[in-house]
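Q: Next up is a structure, given as structure tokens.
The values are calculated or read from the model by the stated rules, or taken from the named source; none is laboratory data. Note that the structure is predicted; figures quoted are calculated from it, not measured. Cβ: placed from backbone, ideal geometry, glycine included. Neighbour counts: every protein chain shown. The protein model used for the area step is the full one, side chains on, heavy atoms only, and it has no ligands, DNA or RNA in it. Shrake-Rupley method; radii C 1.70, N 1.55, O 1.52, S 1.80 Å.
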Amino acid sequence: MVERRVAVVIEDDGDVRLALTEALRRSGFAVHSAASGAKGLGSVREHSPDIVVIDSGLPDFDGFEASRRIRTFSDAYVIMVSGRADEADALMAFEAGADDYLTKPVRPRELRARARAMFRRPRSIRYVGAGHHPSPAPSGTSEAKTLPADPFDFVHRGLSLHEGTRRVVIDGAPVALTRSQFDILLVLMENGRTVQTKADLVRRLRNEPYSTDSFVSAGEERAVEVQLSSLRKRLGDSSRRPRWVETVHGVGYRMTP
């Protein structure tokens, strides 16, 4: 018998909580719900869920703080839901460790689709505390490349990534990335100077092959933009004078020379 996946819903609005719970149950999850951040954290500790859906506004402390606290002890997928569509709020969610951000009203089919996409990604990741904001890294190799003799799979200008352990360091200092941020960085480092479009990155986050012609919505592309901005902040990088990730305007992203 296949073990059911577990979800925790943290939402203070009773109607919304019921709708989110029902949507996940229809996807086969065993769902536990809570109406406050404190009770939600207790439920996450007790049930060790595979996925957590958190409202950004909670009566005791907000969903951003709840996500940060969850990230100190859990590798569950975290989806933040909010009534605000501002880019700043989405960026705060990703900085707090969320894997995805949805605006209300949340459509049940979209929630289920986002959850399925997440489960196509690897779950193993180590959380090492708050985001690391390093000082500028010195120049190193001219391209991101595979180094078989090195403990890392890719090294570029002091930025090192190991795919198997999902570890990223800058000049020996660990950098805490969310799952999506790591996956985006991995794609970029794998491809070096080859430009990756927003649609390319969306499909890789879905774990789809490059050859697919599957539809990518404007919302998904916008989410990748926000994730890229969040990734740069975690790395201490700049979009104007990038050390690692370069924007090719109107096309996509690639690693710097």
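Q: Can you give me the accessible area per residue for the chain, using a 1.4 Å probe, in Å²?
A: 47
Q: Something else now. Of all DSSP beta bridges in the chain, what percent run antiparallel (nearest 5)?
A: Here the share of antiparallel DSSP bridges comes out near 50 percent.
Q: Just the number, please: carbon plus sulfur as a percent of the accessible area of the chain, 1.4 Å probe, no ligands or DNA/RNA counted.
A: 49
Q: Classify segment 1-116 as rounded, prolate or oblate from the Cα gyration tensor: take a ≥ b ≥ c as the square roots of its eigenvalues, call it rounded if a/c is under 1.5, otherwise prolate when a/b beats b/c and oblate if not.
A: It is rounded, given that a/c, with a ≥ b ≥ c, falls under 1.5.
Q: I've got another one for you. How high is the relative contact order of segment 71-115, in percent, with contacts defined as C-alpha pairs under 8 Å that are six or more residues apart?
A: Relative contact order of segment 71-115: 43 percent.
Q: Take each of the peptides 189-198, 105-114, 68-77, average the number of other beta-carbon atoms within 10 Å over its residues, and list them starting from the highest.
A: So the peptides 189-198, 105-114, 68-77, ranked by packing, come out 68-77, 189-198, 105-114.
Q: To the nearest 20 debye, what charge dipole does the chain have about its Cα centre, counting +1 at the Cβ of each Lys and Arg and -1 at the Cβ of each Asp and Glu?
A: 400
Q: Next question, about the same structure. Can you give me the solvent accessible area of residue 47 with a 1.4 Å probe, rounded to the nearest 10 Å²?
A: 60
Q: Another one. Please turn the phi angles of segment 167-178 into ³J(HN,Hα) values with the Karplus equation 6.51 cos²θ - 1.76 cosθ + 1.60 (θ = phi - 60°), one per residue in order, whole Hz, x for glycine and proline.
A: Here the 3J(HN,Hα) series is 10, 10, 9, 10, 6, x, 9, x, 10, 8, 10, 6 Hz.
Q: Further, regarding this structure: Roll a 1.4 Å probe over the protein heavy atoms and report the accessible area of residue 187 in Å², nearest 10.
A: Accessible area of residue 187: about 10 Å².
Q: Sort 39, 104 by accessible area with a 1.4 Å probe, largest first.
A: 39, 104
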